[in-house]
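First comes the structure, then the notes that go with it.
The values are calculated or read from the model by the stated rules, or taken from the named source; none is laboratory data. This structure is a prediction, so every number in the text was calculated from the model and none was measured. Glycine also receives a Cβ, built like all others from the backbone with ideal geometry; neighbour counts cover every protein chain displayed.
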Amino acid sequence: MIEFELPFPPSVNHYYRRVGERTLISREGRRFRERVCVLLAATGVDPLTGPLRIEIKVYPPDRRRRDIDNVQKALLDALQHGGLYEDDSQIVKLDIEKLGCVSGGRTLVRIGETGNA
């Protein structure tokens, strides 16, 4: 299993923006994705190619109500865009847990290949 500490992702409600008839990734979403890409590039990890198991622990930046399922879209897309894996369809097991608040928020990710075809 590989472990990463990443920033707290924007919720899906803030990840996209409508511009006319087009749906685009928001400025906040692009910033998050760029930060994740830089952190992944610094590790020099090779892309994972098999079925994946991912464990995520999110630490929100404050006590506002947040739905746990709203943070995974930006996070999983950023990991894919950063080259950690080819496509998020490789994910066969996803475990996500919301824990206590920390200043600025953070996300801990553990990912590994399952060995299952």
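Just one of the listed residues (Ala42, Ala78) is under 13 Å from Phe4 (Cβ atoms), at pLDDT below 95 and in contact with a Lys or Arg (Cβ under 6 Å, 6 or more places away or on another chain), namely Ala78. How about segment 85-109: which of its residues are without any contact (Cβ under 8 Å) to a residue 24 or more places away in the chain and among the small types (Gly, Ala, Ser)? Matches in segment 85-109: Ser89 only.
Here Ile2 fulfils each of the conditions (1) touching a helix residue (DSSP H, G or I) at 6+ places or on another chain (Cβ under 6 Å); (2) within 16 Å of Ile111 (Cβ to Cβ) apart from (1). Candidates in segment 1-39 are the residues that are out of contact with any Leu (no Cβ under 7 Å at 6 or more places or on another chain), among the β-branched types (Val, Ile, Thr) and modelled with pLDDT of 90 or more; of these, the one that is surrounded by the fewest Cβ atoms within 10 Å (Cβ to Cβ) is Val38. Summed over segment 29-68, the residues that are under 14 Å from Thr107 (Cα atoms) and assigned to a helix (DSSP H, G or I) give a count of 7.
Val102 meets each of the listed conditions (1) assigned to a helix (DSSP H, G or I); (2) more than 16 Å from the chain's Cα centre (by Cα); (3) hydrophobic (A, V, I, L, M, F, W, C) apart from (1). Which members of segment 77-100 meet the condition of being surrounded by 13 or more Cβ atoms within 10 Å (Cβ to Cβ) and more than 18 Å from Ala41 (Cβ to Cβ)? Hits for segment 77-100 are Asp88, Gln90, Ile91, Val92, Leu94, Ile96, Lys98. Kindly establish whether Val58 is buried (at least 16 other Cβ atoms within 10 Å of the Cβ), more than 15 Å from Ile2 (Cβ to Cβ), of a type in the set (A, V, I, L, M) and modelled with pLDDT of 90 or more. So Val58 fits the description; yes.
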